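Report on one structure; see the data block that follows.
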Amino acid sequence: MVKLIQWLILPLLLTAGTACRAADTAHRAVSLVLHWDHQAQFAGYYMALDKGFYADAGLDVTIVRGGPDGTPCEDVGRGRATFCTTMLSTALEKRDGGMPLVLLAQVVNRSNFEVVAWRRPGGENGPEIRTPADLNGRRATIWPGDFRPPYEAFLEAQDVRPEVLPQYYTLSLFLHHGVDACSAMRYNEYHWLLQHGVREEDLVVFPLCDFGVPLPEDGIYTLESTWESDPALCRAFAKASLKGWEYARDHREEALDAVMRRVTEANLPTNRPHMSWMLNEILASTFPAENAGWRFGRLSPEAFQASCNMLLRHDAIKTAPDYTNFAKGALDDDVEP
């Protein structure tokens, strides 16, 4: 009798197993390459993965860390990855160079670029830096490459001409008073200075967005051919990613746990207080305050055009793409993610 029952049940078990395997294989395998090392800047993607939002959308997502030697746009361009994160200015430069990237969602809409200066570079009895004009003739470090045009636009708008030196991956020259000002991200380098013993009252900060350079930052990108061949895939990935960002906003300690797990596994030199600061600043740049003038996940035509104009003026790009060809509208305007 037992044998008979086993033989009767076996086909049902086999059928159920086949159905489960079919459900598993129905998930589309895709990859997301980040444009920097694991950190709170990318918390929303971690939460979309960890909480199953990607899986719910039918996606089997692998998140690949970037870093100083990372090439996320090139990885997408050469077919090694499906999606990447990068700065708007970087994507526009890559597209101008022949890589047909398209924007799926604009995640970070408020610029975090800053110029940080010593309030009294010469000591307590020296002259005080109060305005951008006080940087005239002073030594300052500015990031090269993709990050340089926003600072050039800031200096041009303020009619300021400091002695500019290249800044790479360290603030040591500024920290040791080798220069009077430096480039910084509000969510990263500025807080790094505070954690290394610099007092807020000894610094003066010029956020570029307050001085005529409101450049949107991180977005989700893919190739134009990927969008054209499978817009449903692109929409699903973008919406699940933004759902992850909403979850990170509403569950910050859980999001920090996910961040710290990844930085620990990757043996990256950071700490939870710094990641907490970064997460709060990134979220403030991702979710608009009242009357902010921008929408969660969207790039406005006005911000797009202003960014193109800035890059054209400083020879970072030769031509600007059409907005509708670049921002593909992966998110329907009548559906809030």
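Read-outs: derived from the displayed coordinates by stated rules, not from any lab. Predicted model, so just to flag it, every value in this text is computed and none were measured. Cβ: placed from backbone, ideal geometry, glycine included. Neighbour counts: every protein chain shown.
Overview of values
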{"quantity": "Max mean-square fluctuation residue, GNM over the chain, Cα-Cα springs under 10 Å, options Ala238, Ala284, Ala292", "calculated": "Ala292"}
{"quantity": "Rounded if a/c under 1.5, otherwise prolate or oblate - the chain, Cα gyration tensor axes", "calculated": "prolate"}
{"quantity": "Proximal lysines relative to Lys51, as straight alpha-carbon distance under 26 Å, when same-chain residues fewer than 8 apart are discounted", "calculated": "Lys239, Lys243"}
{"quantity": "Cα-based helix-to-principal-axis angle, 301-313 vs the chain, degrees rounded to 10", "calculated": "50"}
{"quantity": "Cα long-axis angle, helix 2-25 against the chain (0 to 90 degrees, to the nearest 10)", "calculated": "30"}
{"quantity": "Helix axis angle, 272-286 relative to the chain longest principal axis, alpha carbon, degrees", "calculated": "90"}
{"quantity": "Ordering of 300-313, 177-190 by packing [mean C-beta count within 10 Å, highest first]", "calculated": "177-190, 300-313"}
{"quantity": "Sum of -39500 (n - 2.57) over DSSP H runs of 4+, divided by residues of the chain (222 nm, nearest 500)", "calculated": "-12500 deg cm²/dmol"}
{"quantity": "Among 51-60, 193-202, the order from most to least packed when residues are scored by Cβ within 10 Å on average", "calculated": "51-60, 193-202"}
{"quantity": "Filtered trypsin sites (Lys or Arg not before Pro), the range 110-176: DSSP coil and at most 10 other beta carbons within 10 Å", "calculated": "Arg130"}
{"quantity": "The chain - share of DSSP beta bridges that are antiparallel (%, nearest 5)", "calculated": "60"}
{"quantity": "In the range 76-178, the chymotrypsin sites (Phe, Trp or Tyr not before Pro) that fall in loop regions by DSSP, at most 12 other Cβ within 10 Å", "calculated": "Tyr168, Tyr169"}
{"quantity": "Counted charge near Phe287, where neighbours are those whose Cβ lies closer than 9 Å (Asp, Glu -1; Lys, Arg +1)", "calculated": "0"}
